[in-house]
1. Quick one: would you say B:G77 is more than 10 Å from every other protein chain (Cβ to nearest Cβ) and in contact with a Leu (Cβ under 7 Å, 6 or more places away or on another chain)?
2. Go through (1) away from chain B (no Cβ under 13 Å); (2) over 30 Å from B:D73 (Cα atoms); (3) modelled with pLDDT of 75 or more one by one and return the number of the condition A:I85 breaks.
3. (1) modelled with pLDDT under 85; (2) out of contact with any helix residue (DSSP H, G or I) (no Cβ under 7 Å at 6 or more places or on another chain); (3) closer than 28 Å to A:I64 by Cα: which one isn't true of A:A163, the others all being true?
4. Would you check which residues across region A:107-163 are part of a helix (DSSP H, G or I), touching a residue at least 60 places away in the same chain (Cβ under 8 Å) and among the aliphatic types (A, V, I, L, M) and list them?
5. I'm told A:Y33 meets every condition in (1) more than 14 Å from chain B (Cβ to nearest Cβ); (2) out of contact with any Leu (no Cβ under 7 Å at 6 or more places or on another chain); (3) farther than 25 Å from A:L164 by Cβ except one. Can you identify the failing condition by its number?
6. Out of the residues in region A:48-82 that are surrounded by 20 or more Cβ atoms within 10 Å (Cβ to Cβ) and in a loop (DSSP other than H, G, I, E, B), state the one that is farthest from the other protein chains (Cβ to nearest Cβ).
7. So how many residues does region B:100-131 have that are of a type in the set (K, R) and loosely packed, with under 15 Cβ neighbours inside 10 Å?
8. Among the residues that make up region B:87-98, is at least one of them among the polar types (S, T, N, Q), modelled with pLDDT of 90 or more and either in contact with a strand residue (DSSP E or B) (Cβ under 7 Å, 6 or more places away or on another chain) or surrounded by 12 or more Cβ atoms within 10 Å (Cβ to Cβ) (or both)?
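The values are calculated or read from the model by the stated rules, or taken from the named source; none is laboratory data. Note that the structure is a prediction, hence the values are computed from the model and not measured. Here the Cβ is made from the backbone with ideal geometry for all residues, glycine too, and neighbour counts use every protein chain on show.
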Amino acid sequence: MSTGILTGIKLGLISCESCGLLSRPADVNEPGYCPRCGEELVFRRHNAIQRTWALIIAAAICYIPANLMPVMITTTLGSPEADTIMGGIVFLYLSGSWPLALIVLIASVVIPLAKLVALAYLLITVQRRSIRGQHERTRLYRLVEIIGRWSMLDVFVDTFVVALIQLQPLMAVVPGMGVLFFAAVVVLTMIAAESFDPRLIWDSSSEKEDEND
Amino acid sequence: MTDNVDLNNIPQATAELKKHRRFSVVWIIPILAAVVALGIAVQRILTEGPTITIVFKTAEGVEEGKTYLKYKDVNIGQVKTVKLSGDFVKVVVTAKMDKSATGLMVEDAKFWIEKPRVTLSGVTGIGTLLSGNYIGFDVGKSKKAGRKFIGLEVPPAIKIDQLGRRFLLQADDLGSVGIGSPVYYRRLQVGQVIGYDLAADGRSVDIKVFVNAPYDNYVTNATRFWQASGVDVSLGANGLNVQTQSVLSLLIGGIAFETPPSASEAKPAAAGTVFALYSDRTAATAKHEAIVQPYVLYFNESLRGLSVGAPVTFLGLPVGEVTGIGLEYNAATDVLRPRVDVALYPGRFRAFVKNASAVVDEKVQNAGQRHALVQNMVDRGVRAQLRSGSLVTGQLYIALDRFPDAPKAKIDWTKSPPEIPVVPGSLQILENKINGILAKIDKMPLEAIGEDLKKLLVTTDQTMKRVDTEITPELKTTLEDLKRVLKSTDATLVGKDAPAQQDLRDALQEMTRAARAIRVFTDYLERHPEALIRGKTKEKP
């Protein structure tokens, strides 16, 4: 054998994603179930790359209307006013509360976009079997997974405001279509991050070593 | 147990991951997202209305992305940008219209900024105090689409779908009329002034009025319009005349119209018909005479109190007016004489004749027949006379009335204008009579009478003096004698021991006794009525 890292796939072993038990797969094509906890065993998550791509693309499509369409329609004394996410940020910034504007900007615009870009980057590097910065990429993946849920801030505020401010006919707040798309972006990126298999990042390095041998 | 794992016993997995070439179901998600997003985008593009620009002088209360465009209070668009024009003179407002409003964006569509306005005729736009200003809209008539508009400074007074008709009035000056000033018909507000402008040649003012349906049918080609602003006080032969419309028109002016009754068969005027705007009702109604027949009158008396415009009446009905007063030099006699020009309106005669027929019409219309009619009237003694319309003001008017005693006269129709014979005015006659009386008084020998009276008084005085000196002493002695006589009479009749009184007392006593005897007798008779027959019976012992 070589100095290379021994991997389960190389040895024909499979570890359970749930309880971590190393076992021999029932069959290479259909590894079967974990003998200890009953979890379905997979060498790598099924279609991880394809599925993640699909979800990222869907999220990217939703990202456009999420930012173009109003997330909130405020009706004050009969004159409705539609606000988009960027409109809200500009309003906050112009009215002097730039820290708030920054928070909203990061939580609602930058993070979803960064997640999309990060996942796309991870997928591309995996597909190109890059062996550079594997540690950094793994850390990036962890960050994407952790930070994902915080983007729901906007949706959260929206639902609160809509539920609380219903003072017809003085003032009323109605959710806009934008918030639906925004929620879709957040959920889709979260699922995409979930369906990505970080072990893929390391597969290429072992393959490269094999080739070097 | 597992110390010596025989790796060879573990089955060899294929190093390469089996590639699932088939299309993953998960791709439905992005396809779905794309379809929804595209659907929304397509819907947006399809409902995209036109973008228009409106130029205003100021953009009071117009905000980017907040101000709406409203037609009949329905949102039809929204303001996108508000910018100054290139030369910084105007404001250019860009608005995104709804797809449904595309058809409304025609060349002559009107836009204005709706805001609270307080005018004398009312308050509008209260709602904008709360909701903010918005851009009002009214559709135009043109079929051509337009994208660039000039905003109005004030909302149009008449909305395009309001039923009625517009008319153009030409006036010498605007008076106190303004946009929104009411238009009255029989003191009922039936319309309003919607605009005014100086005529192109600067010689008159064009005032646009709108008369609401159904009142617009009362505007005929014969209709007269006049300024009904304020109070019209006129002092004429008819006395003090005060004309007002409503209090509102006192403040903001107004226009009234009326159709002369003689033009009752006239058809409603077409929209846009041009009318003259008269300064007052009198002017408006007086000038509608189709036929004007001028005459001249030569009075031989003072014309003081007669003014141009004074009425000429026939049997008390106004049939004309004085058009000129002056003097005329007669070269033949070398004298100046007062000359009064009058205009008679045969049309008015016609209007007063209730059982008017074609014959009368013919007499009025045809000049020859009209002359014959007037000559006929003069033959019957109709003469012009100056009369006092009001003793207080001293205003005069001219009356055509019947004077059967007047000397015969014939109108010379060759002269222009022909002369109507006159008779002296009633005041003149009165004056003449008083003058006659005064002349008679003047003729009396008042001085001689005074002399005689004086002489008489002197004689009387002398007589009185003689009475004083000669008769008074005599009278005194007479009176003393009389006093003496009365005194003696007193002693005889009234004194205590006066013989006359003594006699009277005795006589009264006698009478008392006689009365007593009669009573005794009647008592006896009552008890013994038979005594009247048998006589007095003897008393039983």
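1. Details: more than 10 Å from every other protein chain (Cβ to nearest Cβ): yes; in contact with a Leu (Cβ under 7 Å, 6 or more places away or on another chain): yes.
So B:G77 passes the test.
2. Among (1) away from chain B (no Cβ under 13 Å); (2) over 30 Å from B:D73 (Cα atoms); (3) modelled with pLDDT of 75 or more, A:I85 violates only (2).
3. The number of the failed condition is (1).
4. Going residue by residue through region A:107-163, those that are part of a helix (DSSP H, G or I) are A:107-127, A:134-163.
Right, trim to touching a residue at least 60 places away in the same chain (Cβ under 8 Å) and you get A:108, A:112, A:115-116, A:119-120, A:122-123, A:125-127, A:134, A:137-138, A:141, A:154, A:158, A:161-162.
Answer for region A:107-163, where residues must be part of a helix (DSSP H, G or I), touching a residue at least 60 places away in the same chain (Cβ under 8 Å) and among the aliphatic types (A, V, I, L, M): A:L116, A:L119, A:A120, A:L122, A:L123, A:V126, A:V161, A:V162.
5. (2)
6. Here the answer is A:V71.
7. Narrowing region B:100-131 to residues of a type in the set (K, R): B:110, B:115, B:117.
Pick out the ones that are also loosely packed, with under 15 Cβ neighbours inside 10 Å and you get B:117.
Qualifying residue count for the region: 1.
8. Here is the first cut: in region B:87-98, the ones among the polar types (S, T, N, Q) are B:94.
Retained after the next criterion (residues that are modelled with pLDDT of 90 or more): B:94.
Of the ones still in play, those that are also either in contact with a strand residue (DSSP E or B) (Cβ under 7 Å, 6 or more places away or on another chain) or surrounded by 12 or more Cβ atoms within 10 Å (Cβ to Cβ) (or both) are B:94.
Yes, there is a match, as at least one residue in region B:87-98 is among the polar types (S, T, N, Q), modelled with pLDDT of 90 or more and either in contact with a strand residue (DSSP E or B) (Cβ under 7 Å, 6 or more places away or on another chain) or surrounded by 12 or more Cβ atoms within 10 Å (Cβ to Cβ) (or both).
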